[in-house]
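Structure, as structure tokens:
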């Protein structure tokens, strides 16, 4: 039997960690969560246990997908380590929920937490441009969701600029890739008008990434309006609740985002026909009004002319009555001395020479006698 090694405590710890690094650089351990606690809002301590054993784990709050409670079934990837003061534990690299019931329970806890913060408040939601000219699309380029969305969008409306950020839509790396894509679009100097986050249906574990805290917060804090459609109609992720608009499916997202150009063209044709009818009716009514105005104007003109003619005849009669020639024709005469009209016997003396104007002649005579009456 070989001689045992004699080591100091620190040497043993270092030796043990070297052995663990070689033999178990990273392991995935499944178990039930116990003794979960958070220290200083940064460090996370918990145990995983089964019917016979228990292991200690150490990590940070940034590795949590949301709030956890004891009894939750987890899979934790980590590095086994022997700490020089605190003994053996597993340093957490990644935490995943296991089982549909566990995922739903964790989602309820996170939903309650974020609801208290107001992340799902309808008052926060913004309207989306309709239709947008530039779309930022976040999904897997190989997914049916991508194919359905782009097919329907392009069939309903053309000329859109769609920029894809190809991501994993499930698995351990999916949440961070989604967050990175949202942040990348938001940091662009000329960002798209709307962000669309989609994936097709699947199990609770498949859709888990879209109900993680980091993804929900990224959607809620995006300065670009968001449209999220995850899974089928029965699947509701927390990211959808935080989005400005949610759709039941990726296909429905395309329908909500852009109008149907066939319906728009049909509507335009109907609108043009209606405007043509309104214009024709307006012209017809205007022609009728002008026709009535023409008749009224002719009637008023004729009436004014008749009145003017009657007035002219009346004026003619007055002028005729006051015309001296008319009086002369009735036997009257005008007596003048020089250019002065004699209207009184006092204006003339016997012996004066006068001109007497009658209807058809002027008689010059000498006045022999003036008898006043």
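Computed from the coordinates by the stated procedures, all read-outs in this text should not be read as laboratory data. These numbers were taken from a predicted model, which means no experiment stands behind them. We place every Cβ from the backbone using ideal geometry, glycine too, and count neighbours over all the protein chains shown.
Among 312, 33, 48, which one moves the most in a GNM of the chain with springs linking Cα atoms closer than 10 Å?
312
Would you mind listing how long the stretch 9-98 runs along its three principal axes, going by Cα atoms, in whole Å with the largest first?
38, 29, 20
Relative contact order (percent) for the chain, with alpha-carbon contacts under 8 angstrom and 6 or more residues of separation?
10 percent
So how tilted is helix 144-156 from the main axis of the chain? Cα-based, degrees 0 to 90, rounded to 10.
10 degrees
Give the residues of the stretch 101-120 whose amide nitrogen is closer than 20 Å to a point set 7 Å from the Cα of residue 203 in the direction of its Cβ.
The answer is 101-108, whose backbone nitrogens lie closer than 20 Å to the label point.
For each of 57, 88, count neighbouring Cβ atoms within 10 Å of the residue's Cβ, then give the residues from fewest to most.
Neighbour counts put them in this order, fewest first: 88, 57.
With runs of 4+ DSSP H residues as the only contributors, calculate the mean residue ellipticity of the chain at 222 nm using -39,500 (n - 2.57) per run, divided by the residue total and rounded to the nearest 500.
After summing the helix terms and dividing by residue count, I get -13000 deg cm²/dmol.
For residue 287 and residue 162, what does the FRET efficiency come to when R0 = 51 Å and r is the distance between their Cβ atoms, rounded to the nearest 0.05?
0.45
Mind telling me which of 286, 313, 336 comes out most flexible in a GNM of the chain, alpha-carbon contacts under 10 Å?
336
How tilted is helix 100-116 with respect to the longest principal axis of the chain? Cα atoms for both, answer in degrees (0 to 90, nearest 10).
The two axes meet at around 50 degrees.
Return a whole-number percent for the relative contact order of the stretch 9-98, with Cα pairs under 8 Å and 6 or more residues apart as the contact set.
Relative contact order, the stretch 9-98: 30 percent.
Shape of the stretch 325-366 from its Cα gyration tensor (a ≥ b ≥ c, root eigenvalues): rounded if a/c is under 1.5, otherwise prolate when a/b > b/c, or oblate?
Prolate, since a/c reaches 1.5 and a/b exceeds b/c.
Over the stretch 122-262, what relative contact order in percent results from Cα pairs under 8 Å that are six or more residues apart?
Taking the mean separation of contacting Cα pairs over the length of the stretch 122-262, I get 31 percent.
Once fully extended, how much extra length lies between residue 313 and residue 272, figured as 0.36 nm per residue of separation less the alpha-carbon to alpha-carbon distance?
Answer, rounded to one decimal: 8.8 nm.
Compute the length gained on full extension between residue 109 and residue 24: take 0.36 nm times their separation in residues and subtract their Cα-Cα distance, giving the result in nm to one decimal.
27.3 nm
Length gain on complete extension for the stretch residue 368 to residue 296, per 0.36 nm per residue less the alpha carbon to alpha carbon distance?
Taking residue 368 through residue 296 to full extension adds about 18.9 nm, to one decimal.
With everything on Cα atoms, drop me the angle between helix 261-322 and the longest principal axis of the chain, reported from 0 to 90° to the nearest 10.
With both axes taken from Cα atoms, the answer is about 10 degrees.
Quote the FRET efficiency, to the nearest 0.05, computed for residue 16 versus residue 62 with a Förster distance R0 of 22 Å and r equal to the Cβ-Cβ distance.
Approximately 0.20, to the nearest 0.05.
Nearest-5 percent of antiparallel DSSP beta bridges in the chain?
65 percent
What nm distance separates the two modelled labels at residue 144 and residue 221, each placed 7 Å from Cα along Cα→Cβ?
The modelled label-to-label distance comes out at 3.5 nm.
What does the highest-first list of 218-228, 95-105 look like by mean Cβ count within 10 Å?
Listed from highest to lowest mean packing, they are 218-228, 95-105.
Neighbour counts of other C-beta atoms within 10 Å: give me 15, 58 arranged from fewest to most.
In increasing order of surrounding Cβ atoms, one gets 15, 58.
Just to check, using Stokes-Einstein with a Kirkwood Rh over alpha carbon pairs, what's the diffusion coefficient of the stretch 122-262 at 25 °C and 0.890 mPa s in µm²/s?
The estimated diffusion coefficient comes to 168 µm²/s.
At a Förster distance of 30 Å, what's the computed FRET efficiency of residue 35 paired with residue 3, Cβ-Cβ distance as r, to 0.05?
After rounding to 0.05, the efficiency reads 0.15.
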